[in-house]
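To start, I am sharing the structure in question, which I have written as structure tokens.
The values are calculated or read from the model by the stated rules, or taken from the named source; none is laboratory data. Computed from a predicted structure; not experimentally measured. Here Cβ is always computed from backbone atoms with ideal geometry, including for glycine, and neighbour counts include all displayed protein chains. Accessible surface is based on the protein model in full, side chains and every heavy atom, while ligands, DNA and RNA are left aside. Shrake-Rupley method; radii C 1.70, N 1.55, O 1.52, S 1.80 Å.
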Amino acid sequence: MPSMPVGLSRDLPPKRVMRASVGGQDIVVWRASNGDIAAWDNRCPHRGMALSHGFVRGNALACLYHGWHYEQSGRCSYIPAHPDLDPPATIHTTRFGVTERDGVIWVDTTDTAKPGMLTEPLDPLRSLIAEVSEAAVEAACHSTPFEGEMPQPSGSGLYALGTIRLALLTNPLGPNRTQVTVLTSPGLSLQTRLALSRWCETLRRNAEATGTGGA
Ligand code: FES
């Protein structure tokens, strides 16, 4: 499976944790105090608690349940009930490939993360969830005008909205649930970005109104 976009970098500041999904795999993505990012199977190796409920302590992720700490390599570094113990190296999380590019977090569950190739520099606009299939989102994009202009496919997954360039990065979360990460031409005014953000809401409503639009 190729790397998939799971959210915007700016939505995951240092010391924050978020839950993501790629190909049905439940994932925790977190950013350490030093700004480094990690993506793991969302299960604590101890008793299986979702690590996305955990919290960042310095450059480690602490599980909410019994407080075990996992450093960025995934190795367990501290067990509160045995504070003098150096945890064995065999206790570690399942790590996935993660990288950031174009302001987007990309995760790969099978290999080192290789972000989708955008053929030109774009700025992240927003990320949203639509309760429809990936195909329905793409169909709605072709039929949702922005300020009177219908989006025109311009190759490599890009659309043209008049002079504005737009990329819709989709990550299917289920048959009828899609994460959409939207990027636009750099340097747009705040007013235009707000208008585009509202257009994203209209796109979602249109996609959800037209049904599941099976893949
Ligand atoms: S389940 Fe995570 S520390 Fe026990």
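On the protein heavy atoms, probe 1.4 angstrom, tell me the percent of accessible surface of the chain carried by carbon and sulfur.
Heavy-atom surface of the chain belonging to carbon and sulfur, 1.4 Å probe: 51 percent.
Shape of region 1-80 from its Cα gyration tensor (a ≥ b ≥ c, root eigenvalues): rounded if a/c is under 1.5, otherwise prolate when a/b > b/c, or oblate?
oblate
Exactly which trypsin sites (Lys or Arg not before Pro) in region 43-84 are in a DSSP loop and have at most 13 other Cβ atoms within 10 Å?
ARG47
Right, something else. Roughly how many Å is it from the Cα centre of region 151-181 to that of region 67-92, as a whole number?
If we compute the Cα centre of each part, the gap is 41 Å.
While we're looking at this one, here's another question. Within the chain, which is the longest segment that contains none of the GluC sites (Glu not before Pro) sitting in a DSSP loop with at most 16 other Cβ atoms within 10 Å?
Longest run free of exposed loop sites: 1-130.
Let me spell out the model: positive unit charges on the Cβ of Lys and Arg, negative unit charges on the Cβ of Asp and Glu, origin at the Cα centre of the chain. What dipole size does that give, in debye rounded to 20?
About 400 debye.
Would you please classify the overall shape of the chain from the alpha carbon gyration tensor, given that a ≥ b ≥ c denote the square roots of the eigenvalues, rounded means a/c under 1.5, and beyond that prolate means a/b larger than b/c while oblate covers the rest?
Because a/c hits 1.5 or more and a/b exceeds b/c, the chain counts as prolate.
Taking only Cα atoms, what is the 0 to 90° angle, nearest 10, from helix 190-209's long axis to the longest principal axis of the chain?
90
Multiplying the sequence separation of GLN191 and ARG16 by 0.36 nm and subtracting their Cα-Cα distance, what value in nm do you get?
60.1 nm
Tell me the per residue accessible area of the chain using a 1.4 Å probe; a whole number in Å² is fine.
For the chain, the per-residue accessible area is 48 Å².
Before rounding to the nearest 500, sum -39500 (n - 2.57) across all DSSP H runs of length at least 4 in the chain and divide by the residue total; then give [θ] at 222 nm in deg cm²/dmol.
When only DSSP H runs of four or more count, the value is -4500 deg cm²/dmol.
Something else: Give the residue from LEU51, ASN171, THR94 lying farthest towards the positive end of the charge dipole for the chain; charges sit on Cβ (+1 for Lys and Arg, -1 for Asp and Glu) and the dipole is referred to the Cα centre.
Toward the positive end, the furthest listed residue is LEU51.
Rounded, prolate or oblate: pick one for region 2-44, where a ≥ b ≥ c are the square roots of the eigenvalues of its C-alpha gyration tensor, a/c under 1.5 means rounded, and failing that, prolate if a/b is larger than b/c, else oblate.
oblate
Next question. Using +1 at the C-beta of Lys and Arg and -1 at the C-beta of Asp and Glu, which of PRO124, GLY157, PRO14 has the Cα lying farthest in the positive direction of the dipole of the chain?
In the chain, that residue is PRO14.
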